[in-house]
Amino acid sequence: MNFLKDVNVPINTETIDCVQLEKKSGKNIYETICILEKISQKINNQIKEDLYNKLEEFNFINKNNLEEIFENKEQIELSRFYEKLPKATSISIQYLLSEKIKI
């Protein structure tokens, strides 16, 4: 998950001034939102793919033993980690604000 290493993304929702987004992107707010939406879709797909790959390991290991699937602490910790991640839209906005991406 390399997309979270470079940017400090807040977990909680924060209000962001539209003018600040416009200044960072150099475009009007509607264009900026459309571009950020496409970036957030890519980030979300990357998160899903990463999660599915990690969960797939658990399915192959515990395919025959259903009881162990429900009691697997590593799988529970993994799920909690992904539940606590900031939303993909927050990540894309933070990328723009910290100038990690150029629009």
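Each residue in segment 38-56 was checked for being open to solvent by 80 Å² or more (accessible area, probe 1.4 Å) and modelled with pLDDT of 90 or more, and 6 pass.
Conditions tested, residue by residue: (1) at pLDDT 85 or above; (2) assigned to a helix (DSSP H, G or I); (3) on the phi > 0 side of the Ramachandran plot.
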residue	(1), (2), (3)
8	no, no, no
11	no, no, no
21	yes, yes, no
27	yes, no, no
36	yes, yes, no
95	yes, yes, no
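The values are calculated or read from the model by the stated rules, or taken from the named source; none is laboratory data. This structure is a prediction, so every number in the text was calculated from the model and none was measured. Keep in mind that these areas ignore ligands, DNA and RNA; they rest on the heavy atoms of the full protein, side chains included. Shrake-Rupley method; radii C 1.70, N 1.55, O 1.52, S 1.80 Å.
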